[in-house]
Every structure is written in structure tokens, then in C-alpha cells.
1. Residue by residue through the range 27-42, note down the ones that are closer than 12 Å to Ala142 by Cα and without any contact (Cβ under 8 Å) to a residue 40 or more places away in the chain.
2. Residues of the range 5-26 being over 18 Å from Ala128 (Cα atoms), surrounded by 11 or more Cβ atoms within 10 Å (Cβ to Cβ) and either hydroxyl-bearing (Ser, Thr, Tyr) or free of Cβ contacts under 8 Å to residues at least 24 places away in the same chain (or both), which ones?
3. Could you please find all residues in the range 1-24 being within 21 Å of the chain's Cα centre (by Cα) and not in a helix (DSSP H, G or I)?
4. Of all residues in the range 35-91, which are part of a loop (DSSP other than H, G, I, E, B), touching a helix residue (DSSP H, G or I) at 6+ places or on another chain (Cβ under 6 Å) and either within 23 Å of Val108 (Cα to Cα) or at pLDDT 95 or above (or both)?
5. Under 6 Å between Cβ atoms, which residue pairs at least 6 apart in sequence (or on different chains) link something in the range 58-83 that is farther than 16 Å from Arg120 by Cβ with a partner that is modelled with pLDDT of 95 or more and hydrophobic (A, V, I, L, M, F, W, C)?
6. Restricting the search to the range 38-55, which residues are surrounded by 16 or more Cβ atoms within 10 Å (Cβ to Cβ) and charged (D, E, K, R)?
7. Can you report the number of residues in the range 118-156 which are touching a residue at least 12 places away in the same chain (Cβ under 8 Å) and closer than 16 Å to Ile36 by Cα?
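The values are calculated or read from the model by the stated rules, or taken from the named source; none is laboratory data. This structure is a prediction, so every number in the text was calculated from the model and none was measured. Neighbour counts run over all protein chains shown; Cβ positions are idealised from the backbone, glycine included.
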Amino acid sequence: MKLSDLPPQERARAWAATAIHESGHAVVAALYGVRIKAVEVTEDDPDHYGVTTYAGTLSASAEGAVTYAGPYAEARHLYGARPSWPEITSVLAYQCACDGSGDYDWLVASGGPIPRDVERLLSTCWPAVVTIARHLNEHGSADHTVVCAALGIPEVDGHRSAAASAIRAGISPVSVT
């Protein structure tokens, strides 16, 4: 079912959850060093309510972290700051796509353990996730500039910056939006 097919109240909830979900992917991807091409909520795609695309290459473990970030962010949005493993897996259960391109499919294909360190990383920069989701709600899409501004990191090699290192160390970012 497409997002645009949902009843208005359910559509609003799904839109918000999707915006948070995609923002989670974008934040972790940027912190791992790829350039965010687009973060979008897609209303007319029956397989995906949203998509985050980026340019660059990630290791298998980094790809797993970026993949897990979306469902974890959504679970945090739906269930609170510390979602339980059953709550996280309930979100993952809905992340399969008919074409095998859903988050659950990618996470299984990564072959590694669940990258649970992403949970602390997203908790550290949760305000940035929310800022990007709000931007999506207001503008329909976001890009690398928006993600880096929300994280308070430079657009070029931001993942190597002192600000990104501080985020990875557990120090909350300072937004420059």
C-alpha cells in the first residue's frame, strides 16, 4: 500500500515515522563519510514510504549501520527514547520489500551482527534527526547541506571533523541551522 492511499490520520502518523526513519539513515550515512544526495518521503511507491540516497562507498559494516539506523530511529520515535528489542524488531518486520530492497533485507544481507552501537550514536544526535525530519515535512526533501547543518559538521569531509568525532564520542552536536 502506498502512503498516499492511507486514511488522513494514519497517513500523518506514517509520514512522521518515515521522515524520522529516513533522517536516521541520513545522519549515520553522513557520519560514516558519504555525501547525501537526497532524503525523501515517497507518497506513491508501494514498496518504500521513503528513500535516502548517497554518493560514496561504505564498508559492509558501515552499510549495516546505516541500514539499521532507519528502523532504530523509527522505533525510538514510536516507542520512546529506549525502545526494547521486541519494539525494534516490530519495526524491522515491516521493512521488507517485494523486490528485496527493504531495510530488513539489506540488514540480513550484510551478514554481520546487528550494529547496536548505532543506538547510542542516534541518541547522541537525536535533535539533528528531528531537525532533518522537520525539514522534510516543510520542504519535501533534504540533502547533504541540510544533514550537515543539523549535525553541526562541515559539508566537506565533515565525518573527519572534530564535531563528528565529538558526536561519535557521545557529545551532542551543536546545530548550525
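1. Of everything in the range 27-42, nothing turns out to be closer than 12 Å to Ala142 by Cα and without any contact (Cβ under 8 Å) to a residue 40 or more places away in the chain.
2. Selection gives Asp5, Leu6, Glu10, Arg11, Ala12, Arg13.
3. Scanning the range 1-24 gives a single hit, Lys2.
4. Within the range 35-91, the first condition is being part of a loop (DSSP other than H, G, I, E, B), and the residues that meet it are 42-49, 56-59, 80-84.
In the following step, the residues that additionally are touching a helix residue (DSSP H, G or I) at 6+ places or on another chain (Cβ under 6 Å) were identified as 43-44, 49, 83.
Listed by number, the residues that qualify are Tyr49, Pro83.
5. Cβ pairs passing all conditions: Glu74/Ala17; Glu74/Ile20; His77/Ala17; His77/Ile20.
6. Selection gives Glu40, Glu43.
7. Total satisfying the criteria: 20.
This table checks each residue for (1) part of a loop (DSSP other than H, G, I, E, B); (2) polar (S, T, N, Q).
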residue	(1), (2)
Glu138	no, no
Thr145	no, yes
Cys148	no, no
Ile153	yes, no
Val156	yes, no
His159	no, no
Ala163	no, no
Ala166	no, no
Ser172	yes, yes
